[in-house]
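Chemist: Handing you a structure now.
The values are calculated or read from the model by the stated rules, or taken from the named source; none is laboratory data. Everything numeric in this text was worked out from a predicted model, so none of it was measured. All Cβ positions, glycine included, derive from the backbone under ideal geometry; neighbour counts span all protein chains shown. The accessibility values were calculated without ligands, DNA or RNA, using every heavy atom of the protein model including side chains. Shrake-Rupley method; radii C 1.70, N 1.55, O 1.52, S 1.80 Å.
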Amino acid sequence: MNVVYGSPSFTSEVMGTGYCPGCGHGTVHKLLAEVVEELSVREKTVLCYPIGCAGLGGGWTNLNTLSCAHGRAGAVATAVKKTNQDNVIIAYQGDGDLAAIGMAETMHAANRGENITVIFINNTNFGMTGGQMAPTTLIGQKATTSPDGRDLERHGAPFKMAELIAKLEAPKFVGRYAVHDAKNAIKTKAAIKKGLQMQLDKKGYSFIEVLSVCPTNWKKNPLDSAKYIDEVVSKTYPLGVYKDVE
Amino acid sequence: MPKIEVDKEFCKSCGLCTVQCPKKIIKIGNVVNSKGYNIAEQTDESQCTGCKLCAIVCPDMAIVVYK
Amino acid sequence: MSKEFIKGNEAIAEAAVRAGCRFFAGYPITPQNDIPEYLSKRLFEVGGNFIQGESEVASVNMVFGVAATGIRSMTSSSGPGLALKAEGISNLAGARVPSVVVNVARGGPAIGTILTAQQDYLSATKAPAPGGFKCFVLAPATVQEAADLVYEAFDIADKYRTPVYVLADGMTGNMMEVVELPPMRELSELPSKDDWRVNKLEQDGNFRSISSYSPTAEGLQEMNEASEAMYQQWDKEEQRWEAFMMDDAEYVVTGYGSSGRIAKSAVKELRAQGIKAGLIRPITLVPFPKDAFDQIDYGRIKEIFVAEMSIPAQYADDVRWATKSKLEIISVLTSGGVILETEAIVDAVKERV
Ligand code: SF4
Ligand code: SF4
Ligand code: SF4
């Protein structure tokens, strides 16, 4: 009997992840590690990690990791790629990191069209700090700093990052995906693979937004959280490819 | 015959694999790991098709599929 | 060696290139704009890269990333920009990433003025950002010294895996002088970074991480202890200063950077008038050259004149500490872009003679 699916050889030996049960970060880490293994680019991959829950995740993929100051992974990734064009550079960021404090770096990196891949984990809140309102929090969604729910007039509308980035001239591939079920996880993996392959082919900037669950701060169990992605979150943030000019 | 193995220590009892399995042959069992999570287990190995869906959705890299 | 009549900022930029700097990121701010302007052309001539960042914050973080891959990298700015870079500098220090940060200082607080001043002593030497760390700080007084110190800064940065902060000022940055520029370094001669650069796996195949973060309390304590050991080594081995006419001095004048240069003129003038004045001019601000002050003959010297283009006085506090309060401190200060006059120092000393 053969193993037909197991964690990538280099993740399994290290440790499990330290994320909460059901958290989408672990799934995306695994998919990313699988892609890196399938493309045989581990030697030259550098992950630019954020501050936030995923900031803990460097070791959990056993990939070379630069831990960036809060929000700055876009700038770091741009510069590392410019000076190390043979490396595969991934900026992995959550919604507070990428869309709040790092908005300037995010937009400028995208606008320069640097040949990098940005993986944006959108779980509609600041996870690590305990569930505060994020730029991506849904209208009506309760967070610890929007206890009555996000209000359009008081807080403004949720930022739709994939749509915004797709409007810029330089990005080549922009899409929104999910990992709460296997069907979507398979699509997410294909998108990540496409992004990394584009880097190898020097084709340019790719932005992969992933809707992810945060059961802990959503105060829902993992199964209800998965349903919440289908029934609620993906209504504000429709899945799909927003730009593909490869 | 296809089957799965769940890594006892990696499983966090999230249950995503249980709803994903088309054959509904995974459940959260009574065995508790060192972190206090009841781990997922395959109830009827003979029905497993090795489709991998359970393993793909697992956030904690806990499932290995054999075929 | 080539001699050139060159502006301070350009000498800093060219010296960096000759030291092997192949990456610069920065954001426009007066009075240092010649540095990014010069490098935006020059770096590409030598196969390097230049990025005008979207902000000071982005720029210093770009340097963080590139320097972590082992490429000699630099950023420059002035006071308000340094404030924005501060978090990035703490990341460079915490993650032990060798890099060079240049401050062509201007007047503050905040926006203050674009004119030259020395209002950034405390922020450069004590606490650029949260967390308790030090940069190695060099303070050039002339264009020649600015070129030499920037050139050497890259070696110091590599030797210790630390950010080196060059605290120049608008006067040195914008003055033109004849300078002997240092020779062009071959990149192949520079120290190898293969044992730590982030874009290489460990020999056993495991990943590398460059981070100021530690998952455990003990881990962070260990990192901080390692930095502290480095700071102590700096204190023992790296203190540097210029002592001028100190052997028989009865009056000591001290200042760093441009004030040190002006203080030296004052000492020469006082000597010409028969007054036994001497100069202590720190070249390293971190480590502070406290040995220079330990060597003072406290039986002979009663007062020390501290020249500084900062109000309130900042450098004077360290002089008080280094002299263990054994001398009366007489500050000669200007601020806001008012350049210190040699005469002001001469007069201050003569009042006490
Ligand atoms: S707090 Fe939310 S985002 Fe963070 S690990 Fe837990 S579930 Fe994941
Ligand atoms: S491999 Fe497919 S059939 Fe077998 S347990 Fe997993 S999901 Fe069920
Ligand atoms: S998906 Fe993985 S972690 Fe979750 S219950 Fe199944 S085996 Fe355990």
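Chemist: Would you confirm, using the coordinates I've provided, whether C:Gly219 is part of a helix (DSSP H, G or I), within 14 Å of another protein chain (Cβ to nearest Cβ) and surrounded by fewer than 17 Cβ atoms within 10 Å (Cβ to Cβ)?
Modeler: yes
Chemist: How many residues does the range C:148-201 contain that are open to solvent by 20 Å² or more (accessible area, probe 1.4 Å) and under 17 Å from C:Gln32 (Cα atoms)?
Modeler: 5
Chemist: Which of the residues belonging to the range B:8-20 are crowded, with 19+ Cβ neighbours inside 10 Å and either in a loop (DSSP other than H, G, I, E, B) or within 8 Å of ligand 2 (Cβ to nearest atom) (or both)?
Modeler: B:Phe10, B:Cys11, B:Lys12, B:Ser13, B:Cys14, B:Gly15, B:Cys17, B:Gln20
Chemist: Can you find a residue that is over 26 Å from C:Val102 (Cβ atoms), open to solvent by less than 50 Å² (accessible area, probe 1.4 Å) and of a type in the set (Ser, Thr, Tyr) anywhere in the range C:303-323? If you could, list the steps in order and put the result at the bottom.
Modeler: If we filter the range C:303-323 for residues that are over 26 Å from C:Val102 (Cβ atoms), which is where we start, we get C:303-305, C:320-321, C:323.
The next check asks that each one be open to solvent by less than 50 Å² (accessible area, probe 1.4 Å); those that pass are C:303-305, C:323.
From what is left, the residues that are of a type in the set (Ser, Thr, Tyr) are C:323.
Within the range C:303-323 (the criterion being over 26 Å from C:Val102 (Cβ atoms), open to solvent by less than 50 Å² (accessible area, probe 1.4 Å) and of a type in the set (Ser, Thr, Tyr)), the answer is yes, since at least one residue qualifies.
Chemist: Further question on the same structure: Here is a list of conditions, (1) open to solvent by 20 Å² or more (accessible area, probe 1.4 Å); (2) more than 10 Å from ligand 3 (Cβ to nearest atom); (3) within 9 Å of chain A (Cβ to nearest Cβ), and B:Gly50 meets all of them except one; can you say which number that is?
Modeler: (1)
Chemist: Next question. Those residues that are surrounded by fewer than 24 Cβ atoms within 10 Å (Cβ to Cβ) and over 24 Å from A:Pro158 (Cβ atoms), I need them from the range A:70-113; list them, please.
Modeler: Result: A:Lys82, A:Thr83, A:Asn84, A:Gln85, A:Asp86, A:Asn87, A:Arg112, A:Gly113.
Chemist: How do the helices (runs of 4 or more DSSP H) wholly within the range A:115-201 filter down when requiring 1 or more residues that are in contact with a Phe, Trp or Tyr (Cβ under 8 Å, 6 or more places away or on another chain): which remain?
Modeler: Numbers: elements: A:152-155, A:161-167, A:182-200.
Result: A:161-167, A:182-200.
Chemist: Moving to a separate point now. Would you confirm whether any residue within the range B:40-51 is more than 16 Å from ligand 1 (Cβ to nearest atom), of a type outside the set (D, E, K, R) and without any contact (Cβ under 8 Å) to a residue 12 or more places away in the chain? Show your work before the answer.
Modeler: First, the residues of the range B:40-51 that are more than 16 Å from ligand 1 (Cβ to nearest atom): B:40-51.
Right, trim to of a type outside the set (D, E, K, R) and you get B:40, B:42-43, B:46-51.
Next, from what is left, pick out any that are without any contact (Cβ under 8 Å) to a residue 12 or more places away in the chain: none.
Looking through the range B:40-51, none of the residues is more than 16 Å from ligand 1 (Cβ to nearest atom), of a type outside the set (D, E, K, R) and without any contact (Cβ under 8 Å) to a residue 12 or more places away in the chain.
Chemist: On to the next question. I'd like to verify a number: residues in the range A:227-237 that are within 12 Å of chain B (Cβ to nearest Cβ), open to solvent by 10 Å² or more (accessible area, probe 1.4 Å) and within 14 Å of ligand 1 (Cβ to nearest atom), how many?
Modeler: Within the range A:227-237, residues that are within 12 Å of chain B (Cβ to nearest Cβ), open to solvent by 10 Å² or more (accessible area, probe 1.4 Å) and within 14 Å of ligand 1 (Cβ to nearest atom) number 0.
Chemist: Also, I was wondering about something else. Based on what the data block shows, is B:Lys3 within 16 Å of ligand 1 (Cβ to nearest atom) and surrounded by fewer than 22 Cβ atoms within 10 Å (Cβ to Cβ)?
Modeler: The answer is no for B:Lys3.
Chemist: Restricting to the range A:75-87, name every residue that is facing chain C (nearest Cβ under 8 Å) and part of a helix (DSSP H, G or I).
Modeler: Correct list: A:Ala75, A:Val76, A:Ala77, A:Thr78, A:Ala79, A:Val80, A:Lys82, A:Thr83.
Chemist: Scanning the range B:52-61 for residues that are assigned to a loop (DSSP other than H, G, I, E, B) and within 16 Å of ligand 1 (Cβ to nearest atom), which turns out nearest to A:Asn2 (Cα to Cα)?
Modeler: Across the range B:52-61, the extreme among qualifying residues is B:Met61.
Chemist: Further question on the same structure: Would you please name the residue that is surrounded by the fewest Cβ atoms within 10 Å (Cβ to Cβ), looking only at residues in the range A:40-61 that are within 14 Å of A:Ile90 (Cα to Cα), more than 14 Å from chain B (Cβ to nearest Cβ) and in contact (Cβ under 8 Å) with a residue 60 or more places away in the chain?
Modeler: In the first step, residues of the range A:40-61 are kept if they are within 14 Å of A:Ile90 (Cα to Cα); the result is A:41-50, A:54-55, A:57-58, A:61.
Narrowing further to those that are more than 14 Å from chain B (Cβ to nearest Cβ): A:41-50, A:55, A:58.
Then keep just the ones that are in contact (Cβ under 8 Å) with a residue 60 or more places away in the chain; that gives A:41, A:55.
On the way: A:Val41: 18, A:Gly55: 21.
So the residue we want is A:Val41.
Chemist: Sticking with this structure for a sec: Return the residues of the range B:1-47 that are among the small types (Gly, Ala, Ser) and within 9 Å of chain A (Cβ to nearest Cβ); say none if nothing qualifies.
Modeler: B:Ser13, B:Gly15
Chemist: Restricting the search to the range C:37-90, which residues are over 23 Å from C:Glu152 (Cβ atoms), buried (at least 24 other Cβ atoms within 10 Å of the Cβ) and among the hydrophobic types (A, V, I, L, M, F, W, C)?
Modeler: Those that are over 23 Å from C:Glu152 (Cβ atoms), buried (at least 24 other Cβ atoms within 10 Å of the Cβ) and among the hydrophobic types (A, V, I, L, M, F, W, C): C:Ile51, C:Val57, C:Ala58, C:Met62.
Chemist: Being touching a residue at least 24 places away in the same chain (Cβ under 8 Å) and within 14 Å of ligand 1 (Cβ to nearest atom), is that true of even one residue in the range A:163-174?
Modeler: Going through the range A:163-174, the residues touching a residue at least 24 places away in the same chain (Cβ under 8 Å) turn out to be A:163-166, A:168-174.
Next cut, within 14 Å of ligand 1 (Cβ to nearest atom) only: none.
Checked against the condition, which is being touching a residue at least 24 places away in the same chain (Cβ under 8 Å) and within 14 Å of ligand 1 (Cβ to nearest atom), the range A:163-174 yields no hits at all.
Chemist: Does A:Leu32 meet the test of being over 30 Å from C:Arg72 (Cβ atoms) and open to solvent by less than 10 Å² (accessible area, probe 1.4 Å)?
Modeler: Yes; evaluated as a whole, the condition is true for this residue.
Chemist: Based on this model, can you work out whether A:Pro222 counts as in contact (Cβ under 8 Å) with a residue 24 or more places away in the chain and closer than 19 Å to B:Gln20 by Cβ?
Modeler: Details: in contact (Cβ under 8 Å) with a residue 24 or more places away in the chain: yes; closer than 19 Å to B:Gln20 by Cβ: yes.
It is true that A:Pro222 is in contact (Cβ under 8 Å) with a residue 24 or more places away in the chain and closer than 19 Å to B:Gln20 by Cβ.
Chemist: Would you please name the residue that is nearest to B:Phe10 (Cα to Cα), looking only at residues in the range B:21-37 that are more than 9 Å from ligand 3 (Cβ to nearest atom) and part of a strand (DSSP E or B)?
Modeler: B:Val32
Chemist: Take the conditions facing chain A (nearest Cβ under 10 Å), under 27 Å from A:Ile229 (Cβ atoms) and within 9 Å of the chain's Cα centre (by Cα) and apply them to B:Asp60. Does it pass?
Modeler: Judged against the criteria, B:Asp60 is not a match.
Chemist: Could you tell me whether B:Val64 is in contact with a Gly (Cβ under 9 Å, 6 or more places away or on another chain), in contact (Cβ under 8 Å) with a residue 12 or more places away in the chain and β-branched (Val, Ile, Thr)?
Modeler: Criteria met by B:Val64.
Chemist: Ok, one more. Out of C:Gly278, C:Gly257, I need the residue that is modelled with pLDDT of 95 or more, at positive phi and either buried (at least 19 other Cβ atoms within 10 Å of the Cβ) or among the aromatic types (Phe, Trp, Tyr) (or both). Which one? Working first, answer last.
Modeler: Numbers: C:Gly278 fails: at positive phi.
Step by step, each of C:Gly278, C:Gly257 is checked, and only C:Gly257 is modelled with pLDDT of 95 or more, at positive phi and either buried (at least 19 other Cβ atoms within 10 Å of the Cβ) or among the aromatic types (Phe, Trp, Tyr) (or both).
Chemist: Right, here's the next one. Taking into account only those residues within the range B:21-34 that are open to solvent by 40 Å² or more (accessible area, probe 1.4 Å) and within 10 Å of ligand 2 (Cβ to nearest atom), which is nearest to A:Ala178 (Cα to Cα)? Break it down into steps so the answer makes sense when it comes.
Modeler: Step one: list which residues in the range B:21-34 are open to solvent by 40 Å² or more (accessible area, probe 1.4 Å), which gives B:22-24, B:27-28, B:30-32, B:34.
Checking which are within 10 Å of ligand 2 (Cβ to nearest atom) leaves us with B:22-24.
Values: B:Pro22: 20, B:Lys23: 23, B:Lys24: 22 Å.
Looking at residues that are open to solvent by 40 Å² or more (accessible area, probe 1.4 Å) and within 10 Å of ligand 2 (Cβ to nearest atom), I get B:Pro22.
Chemist: Report, ordered by the first and then the second residue, all pairs with beta carbons closer than 7 Å, sequence separation of six or more or different chains, a first member in the range A:185-203 that is within 13 Å of chain B (Cβ to nearest Cβ), and a second member that is basic (Lys, Arg).
Modeler: Listed pairs, sorted by first residue: none to list.
Chemist: If I filter the range A:96-112 for residues that are part of a strand (DSSP E or B) and on the phi < 0 side of the Ramachandran plot, do I get at least one hit? Give the steps one after another, and end with the answer.
Modeler: We begin by selecting, within the range A:96-112, every residue part of a strand (DSSP E or B); these are none.
No, because not a single residue in the range A:96-112 is part of a strand (DSSP E or B) and on the phi < 0 side of the Ramachandran plot.
Chemist: A further question follows. Filter the range C:210-257 for residues that are of a type in the set (Ser, Thr, Tyr) and more than 25 Å from C:Thr162 (Cα to Cα) and give the result. First the steps, then the outcome.
Modeler: Narrowing the range C:210-257 to residues of a type in the set (Ser, Thr, Tyr): C:211-214, C:216, C:227, C:231, C:251, C:254, C:256.
Within the range C:210-257, C:Tyr251, C:Thr254 meet the criteria.
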